[in-house]
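Notes follow the structure.
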Amino acid sequence: MTETTAISFDALGERTSIPITISEARFKILCQVPFLGRTLATLELTVKNSTVDKNIASKLRLVLPLGATVKKFEFLKASGDGDDPVWYPAAAVPKKKAKEVVYKEKERGRDVAAVSDLVSGSNVFEIEIAPLPYKREVKCRLEFLFVGGSEDIEKFAAACFPTAHTSGGVPVSIMVEQPDEDVRDEDRAGCVVGECFGNTHFVCRIPKPVFLGNPAKANALERIAVVWDTSASMMTSGVDERFGRIEDLASKCGKVVGKPVIFELFVFSSGPIVCIGTFDNAENLIESIRALDYDGGTDVTSLTRLFEGFATRTGEKQIDTAIVFSDGMDSLSRTPNFSDHSYDMHFPVHCVATGDAVNMRCLNSIASASLHVQGSVIVPKDANYDAILYPQPVIRSIVTDQSDEAFMGEVEDGFCCVPDHRLRHMNHTIRRDGVFVAGILDDPAFGTSTVTRLSVVVACGTEVRKYVFRLRKCSSGEPKSSTPDSTEFLDAIHLSGSSWKEGGKHGARILGHIYAEELYSEAVSVGLKSGIDTHAVQQELAINYGFCSPESSLLMLFTVQQFMENDILPPVGHPVYNDPEVVDARKLRRAESHHKQGNNTPKRGEIGSLKTDDQLKKVIHLATRLEVFLKEPIESDTTHTKDAIPSEDLYGGAG
């Protein structure tokens, strides 16, 4: 077995490890757009069962870079007619169904594979392969989107294969599909537009403003709650990093705030949360943390009761901020729900993520505990603590030049964006690596939208900055550059060719993936803050865009029979995609979908739909009478009922 820190194999049903050899690993950077800070890459693995003289089922466990998401899974397999091997792409299906299908197909003795996250929302993924034949090389390929660039791929490769450059190590190669001298890391605002997933997508990036760091603007921190995870998983990696983090944080708090800060230390694992004590200096705090014992699992739901108690404090005992040191790896894959008490929490909750395996979805939910002040997840790349020490910049508004009819929903032009521009006024925190405003500019089902420009207002305290993104070609009369110092005009880059600036084969797909991730995150956030179950929305989004999520897995099937028996349609690019039986099944699925949508669409005049002409007349009549009524002097006689408005006029019928 190849001993590595970020990649490992286990055989199903075996108590001991099966010697499975990884004979080669190839990393390839497909595309990266510098100022977006995202890179689309693949990892191709060649594996072989070198010891067991039979077909075995096996799982490969892979720890991807923090925040990475799996977008595609492919398997190299020879077709039945003797042609050269071809790559078979996996289909995105609900996670529960994927488990059922894998079990059935293994029982039938058929080839099958699947990819899913090990813990919902974590960066640990498992590839299940069955069968893995004796002494025959098998190739599989993962495509993933991650934060960073080529240097991060090199670090990831070193973590997976630390002995790659030694004698007997796994051969590892890293290549860039379309090298471009202009590709370099740029922390600036920008906008990209391109065709992908059947629509015209756009992504606007806004960097974190640089007007932070003035001690006069620092948050008033007097009492900080340090919540420390003492579960067994926190012992495996990142221990020294966490100690360094808390020491650095305590030192900076004293320097920035200008007076001693009181720390309250709480520990949690699988049992009740325990308060260790209160400390007025960093040295005693660190000493107490170093003396902690680690054991057991993690129960992140216990944090809801702790924060509920913080919210009831007043006076000197009031908590100014809470900092949670945890990997978010709950023993039962749970996510805490703060919706019942989030309105009472007027303090932010920040999370410090350390270690290799981290559940970012769980940590993001903890950082969103307060409805009033959004917290942050501090990752290893964060060299400072601005999110804790200073007020954070936020998006105050997003405004477009969309037509009034489309904006009000009277007509559909296909335009949409995340965060939703219809909210007008918002409080969307800008992360360390900036923030995205992503969406669909044009949908072929509705033609070309009326939107040509999108404006974003960013504020931090009293300081305001405006970004104007021109999504289409600049028209005459518009300024070509920034006019006021507080406003920046930016023209979109349109992806349509061979270099990263022109898109290439993979460039535009980054836009669709970013939009799907932002929309998915928004759905999760809404569910956490409102208590509404958004599982169905998240699952539909993951399946439509074909990525691995807590609700979906990537399932590998090979034959028409496998797809038809399991009621699954093959993805685009699959060798059986154009099989007549599959084409007929796809037509039937579309017809059923259209029929279902038609039945669910409210008719004109019903609640949630456009009003009929008769209802509009009643609304106008009602408005006129209300205007006259409001202009009349107030009568002292409370029994005055002249010209009372009938209830049916008040509601104007349905709608």
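The values are calculated or read from the model by the stated rules, or taken from the named source; none is laboratory data. In this text, all values refer to a predicted model and were calculated from it rather than measured experimentally. Using ideal geometry, Cβ is built from the backbone for each residue, glycine included, and neighbour counts are taken over all protein chains shown. Only protein heavy atoms, including side chains, enter the accessible area calculation; ligands, DNA and RNA are left aside. Shrake-Rupley method; radii C 1.70, N 1.55, O 1.52, S 1.80 Å.
Numbers below:
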{"quantity": "Descending semi-axes in whole angstrom, ellipsoid equivalent of the stretch 545-599, from the Cα gyration tensor", "calculated": "20, 17, 10"}
{"quantity": "Sequence ranges 544-554, 49-59, ranked by mean other-Cβ count within 10 angstrom, highest first", "calculated": "544-554, 49-59"}
{"quantity": "Prolate/oblate/rounded call for the stretch 51-127, Cα gyration tensor, a/c under 1.5 rounded", "calculated": "prolate"}
{"quantity": "Length-normalised contact order of the stretch 323-389 in % [C-alpha pairs under 8 Å, at least 6 apart]", "calculated": "36 percent"}
{"quantity": "Surface/4 estimate of mean projected area, convex hull on alpha-carbon atoms of the stretch 245-394, nm²", "calculated": "9.1 nm²"}
{"quantity": "Mean Cα-pair separation over length for the stretch 285-348, i.e. relative contact order, pairs under 8 Å, 6 or more apart, %", "calculated": "46 percent"}
{"quantity": "Pairs from K54/K139; K104/K587; K99/K587 whose Cα-Cα separation, in the structure shown, is over 21 Å", "calculated": "K104/K587; K99/K587"}
{"quantity": "Segment S173-R61, extension gain: residue separation times 0.36 nm, minus the distance between their alpha carbons", "calculated": "38.3 nm"}
{"quantity": "Kirkwood hydrodynamic radius (C-alpha pairs) into Stokes-Einstein, the stretch 353-463, 10 °C and 1.306 mPa s, D in µm²/s", "calculated": "97 µm²/s"}
{"quantity": "For V456, solvent-accessible area (1.4 Å; no DNA, RNA or ligand), Å²", "calculated": "0 Å²"}
{"quantity": "Semi-axis lengths (Å, descending) of the ellipsoid that matches the C-alpha gyration tensor of the stretch 345-416", "calculated": "35, 16, 13"}
{"quantity": "M235 - accessible surface, heavy atoms, 1.4 Å probe, Å² rounded to 10", "calculated": "100 Å²"}
{"quantity": "Considering only the stretch 235-388, percent of DSSP beta bridges that pair antiparallel, nearest 5", "calculated": "45 percent"}
